[in-house]
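Take a look at the structure set out below.
The values are calculated or read from the model by the stated rules, or taken from the named source; none is laboratory data. Computed from a prediction, not measured in an experiment: that's the story for all the values here. Neighbour counts run over all protein chains shown; Cβ positions are idealised from the backbone, glycine included.
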Amino acid sequence: MWARAVWLGLRAPLGGRRGFTSKADPQGSGRVTAEVIEHLERLALVDFGSREAVARLEKAIAFADRLHAVHTDGVEPMESVLEDRCLYLRSDNVVEGNCAEELLQNSHRVVEEYFVAPPGMCCPEWFNR
Amino acid sequence: CALAWVYGVSRHRRGAPTGSTSNWIRGQSSLAQQPLHTARKPRKGEHKWAAVVGLEIHAQISSNSKLFSGSQVCFAAPPNSLVSFFDASLPGTLPVLNRRCVEAAVMTGLALNCHINKKSLFDRKHYFYADLPAGYQITQQRLPIAVNGSLTYGICVGKRQSQVTTRTVRVKQIQLEQDSGKSLHDDLRSQTLVDLNRAGVGLLELVLEPDLSCGEEAATAVRELQLILQALGTSQANMAEGQLRVDANVSVHHPGEPLGVRTEVKNLNSIRFLAKAIDYEIQRQIKELENGGEILNETRSFDYKLGCTVPMRDKEGKQDYRFMPEPNLPPLLLYDATSLPAGADSQQVINIDQIRERLPELPSVTRERLVQQYEMLPEHSFTLLNEVGLLEFFQNVIKETRAEPKKVTSWVLNTFLGYLKQQNLAVRESPVTASALAELLDLLDSKAISSSAAKQVFEELWKHEGKTPTQIVSEKKLELMQDQEALEQLCHSVMQGHPQVVMDVKKGNPRAINRLIGLVRKATLSRADPAVIKAILEKQLSCHGSCPPA
């Protein structure tokens, strides 16, 4: 995990509607801080191993920001391309399951019909390794 | 929890549902006698404390199959035997919504007076944990299926906790979401074993507004919710089996000041511990603040053995769930009688009005009916419903006995329930059956035995030796004397044997007659009805002894 923070380019909250470069950032440098990189790595379990990876991320964000060129004031956001589709309702019958053996074959380690999770998968220390 | 209410009333009035404020005011004055929420006696002019409790409740939906897949929902089964490819999050699988779960959500929303959103949406809530194979949970964060409802519950007030007053807690929203699997931590071998049987089971998350102010209110509200869910059949709501999980958010503040920092208390798997944990946490926060400390916004767990809350492992700052719309599910659309599309497949549409018409009788209506039908007090109806199996027992006795309902109510709620409580038994563990009690009450009703004899018979029945009430009565010779003449003779001879007492009666001493009655009763070995004895004595006394018995 490595990232070089040049200066604080990001003011908008994560996941905010406006994305990472906001009107609040007058320089518009599009730099992603080390803090944000660490946060993303913890949340998404990805590894921004190099300066190049961070640069690629910054370019991707800049590319997506071109969406701001479209005026969307007063337009209802589309949340799903399926919005006009009918949500199919299934009847409450048992039709699946009973395939423990098959499923367990996918697991690297198994103990008596239980999946074995990698050690420490459930504690914060793992995220801080 | 009186103190919170002294201030709570004004706080609640600001946004409170109508109709219940007057009850709160009544409740307030009768609660004023109860102890206050303070760690020590407040100094003059010092502010008192008010506690605020908000509950998040997860109820497992009672359905055959899971929320988005066709694998079975079942409590104890071999590990990973109830898991479909979708539940295991194998690539290429998609969620398919279970109609029954939607109906359960609508029914629950209607029963809690919610507004049902005709359009609701599904989202993904992301976090990593061994028992969440997909890395996200499908839930309804943006637009849940039901909002803005209320849950009304009855709380005991008064000098002897004998009166019931109703209070209401607002329901913020109800949403459909997936349950996770189960992880078993094997610390010895540093590994975590995962069973996905529970992964994907449908849950109803109910978020209550922080209108509660103490453990008792929270416990009562949750109990009422349990009864409602069970009456609807939407969840079996058994806390011990994890079908109902409650998390409590607790904070304290001085009335009039802003709300305090809240802590979240988890791992509450019984109603009793729910109340204990909340009250402990309230006191802990008050003590901490009064000692100049501060409350951390943390998650705490309730330790049953120690009877206190302890901090859970610290979460990494604030959790960021990165909510996003579930891309594989279109919006969920519900209809009512007016908006139902013509010619629609009945299996593919959900009609809110139809569901409303088919709602079963809710506990509050059942209680009302009991009060009307059997002329019992409201608090009796609450007790009958609160105790598992008691209502059924009561109704079975009513069916089989000639005795009047008020007598049945009294025997079931006082004698029967008293014995159960003393020995910490559930109704289904009772050694006395409804039929046995019905037979006993018939004997009492026909005046074959006195009420004190009946109590004796009941005690014998409790020993569960297989005898019927009639058998016990004859074995122990508890029958009431039916021979009027013999009784008159006895009265006469007792009066002859105790001239002083007779003199006292004639002098007008009101207690003397009771002494006479007592003497006659002893002579009959308690086999005579005191009222009958009294009548005979009075008749004989009025004759001034000049009309001896035949």
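Some observations on this one:
- For the condition hydroxyl-bearing (Ser, Thr, Tyr) and either free of Cβ contacts under 8 Å to residues at least 12 places away in the same chain or out of contact with any helix residue (DSSP H, G or I) (no Cβ under 6 Å at 6 or more places or on another chain) (or both), B:Ser410 qualifies.
- Restricting segment B:347-367 to residues that are within 15 Å of B:Ala337 (Cβ to Cβ) and touching a strand residue (DSSP E or B) at 6+ places or on another chain (Cβ under 7 Å) leaves a set whose member that is farthest from the other protein chains (Cβ to nearest Cβ) is B:Ile352.
- Failed condition for B:Arg100, given (1) facing chain A (nearest Cβ under 7 Å); (2) in a loop (DSSP other than H, G, I, E, B); (3) under 23 Å from B:Asn238 (Cα atoms): (2)
- For segment A:64-80, a residue qualifies if it is in a loop (DSSP other than H, G, I, E, B) and either under 20 Å from the mean Cα position of the chain (by Cα) or of a type outside the set (Asp, Glu) (or both), and the qualifying residues are A:Val70, A:His71, A:Thr72, A:Gly74, A:Val75, A:Pro77, A:Met78, A:Glu79, A:Ser80.
- The residue that is surrounded by the fewest Cβ atoms within 10 Å (Cβ to Cβ), counting only those in segment B:337-361 that are within 23 Å of B:Val96 (Cα to Cα) and touching a residue at least 24 places away in the same chain (Cβ under 8 Å), is B:Gln347.
- Selection of segment B:121-153 for residues being among the hydroxyl-bearing types (Ser, Thr, Tyr) and touching a helix residue (DSSP H, G or I) at 6+ places or on another chain (Cβ under 9 Å) yields B:Tyr127, B:Thr152, B:Tyr153.
- When B:Glu326 is tested against (1) closer than 28 Å to B:Glu224 by Cα; (2) of a type in the set (Asp, Glu); (3) within 14 Å of chain A (Cβ to nearest Cβ), exactly one condition is not met: (1).
- Positions within segment B:282-292 being out of contact with any Gly (no Cβ under 9 Å at 6 or more places or on another chain) and either assigned to a helix (DSSP H, G or I) or within 11 Å of B:Val261 (Cβ to Cβ) (or both), in sequence order: B:Gln283, B:Arg284, B:Ile286, B:Glu288, B:Glu290
- Considering residues of segment B:75-97 that are in a loop (DSSP other than H, G, I, E, B), among the hydrophobic types (A, V, I, L, M, F, W, C) and within 7 Å of another protein chain (Cβ to nearest Cβ) only, the residue nearest to B:Asn351 (Cα to Cα): B:Val96
- Flag if B:Thr220 is in a strand (DSSP E or B), among the polar types (S, T, N, Q), assigned by the TED database to the domain that holds B:Val265 and in contact (Cβ under 8 Å) with a residue 60 or more places away in the chain: no
- The condition (being out of contact with any helix residue (DSSP H, G or I) (no Cβ under 6 Å at 6 or more places or on another chain) and within 14 Å of chain B (Cβ to nearest Cβ)) is satisfied by just one residue among A:Leu43, A:Leu67, A:Leu57: A:Leu43.
- The residue of segment B:126-140 that is farthest from B:Ala199 (Cα to Cα), among those that are more than 12 Å from every other protein chain (Cβ to nearest Cβ) and surrounded by fewer than 23 Cβ atoms within 10 Å (Cβ to Cβ), is B:Thr139.
- Answer residue from segment B:112-125, given it is of a type in the set (A, V, I, L, M) and part of a loop (DSSP other than H, G, I, E, B) and is surrounded by the fewest Cβ atoms within 10 Å (Cβ to Cβ) among those: B:Leu121
- Every pair of residues 6+ apart whose Cβ atoms lie under 8 Å, when the first sits in segment A:95-121 and is over 18 Å from B:Phe85 (Cα atoms) and more than 7 Å from chain B (Cβ to nearest Cβ) while the second is at pLDDT 95 or above and part of a loop (DSSP other than H, G, I, E, B): A:Glu112/B:Pro79
- When restricted to residues that are assigned to a loop (DSSP other than H, G, I, E, B) and either touching a residue at least 12 places away in the same chain (Cβ under 8 Å) or among the basic types (Lys, Arg) (or both), segment B:136-167 contains 10.
- Scanning segment B:389-402 for residues that are over 20 Å from B:Arg367 (Cα atoms) and surrounded by 21 or more Cβ atoms within 10 Å (Cβ to Cβ) turns up just one, B:Thr401.
- Qualifying residue in segment B:413-426 (condition: farther than 22 Å from B:Ala454 by Cα, loosely packed, with under 12 Cβ neighbours inside 10 Å and at pLDDT 90 or above): yes
- Hits in segment B:53-71 - residues which are surrounded by 20 or more Cβ atoms within 10 Å (Cβ to Cβ), polar (S, T, N, Q) and at the interface with chain A (Cβ under 7 Å from one of its Cβ atoms): B:Ser63, B:Ser65, B:Ser69, B:Ser71
- Applying the criterion of at least 1 residues that are more than 21 Å from the chain's Cα centre (by Cα) to the helices (runs of 4 or more DSSP H) found wholly in segment B:331-409 leaves B:352-357, B:363-374, B:390-400.
- Just one of the numbered conditions (1) closer than 29 Å to B:Pro331 by Cβ; (2) surrounded by 17 or more Cβ atoms within 10 Å (Cβ to Cβ); (3) at pLDDT 80 or above is not true of A:Ser80: (2).
- Counted residues, segment A:70-86 - those being more than 14 Å from chain B (Cβ to nearest Cβ) and of a type in the set (A, V, I, L, M): 2
- Filter result (within 12 Å of chain A (Cβ to nearest Cβ), under 23 Å from B:Asn238 (Cα atoms) and either in a loop (DSSP other than H, G, I, E, B) or in contact with a Pro (Cβ under 6 Å, 6 or more places away or on another chain) (or both)) within segment B:176-200: B:Ser180, B:Gly181, B:Asp195, B:Leu196, B:Asn197, B:Ala199, B:Gly200
- Of everything in segment B:72-94 that is crowded, with 19+ Cβ neighbours inside 10 Å and farther than 20 Å from A:Asn106 by Cβ, the residue that is nearest to the chain's Cα centre (by Cα) is B:Val73.
- Checklist (1) touching a helix residue (DSSP H, G or I) at 6+ places or on another chain (Cβ under 6 Å); (2) more than 12 Å from chain B (Cβ to nearest Cβ) applied to A:Leu89, failing item: (2)
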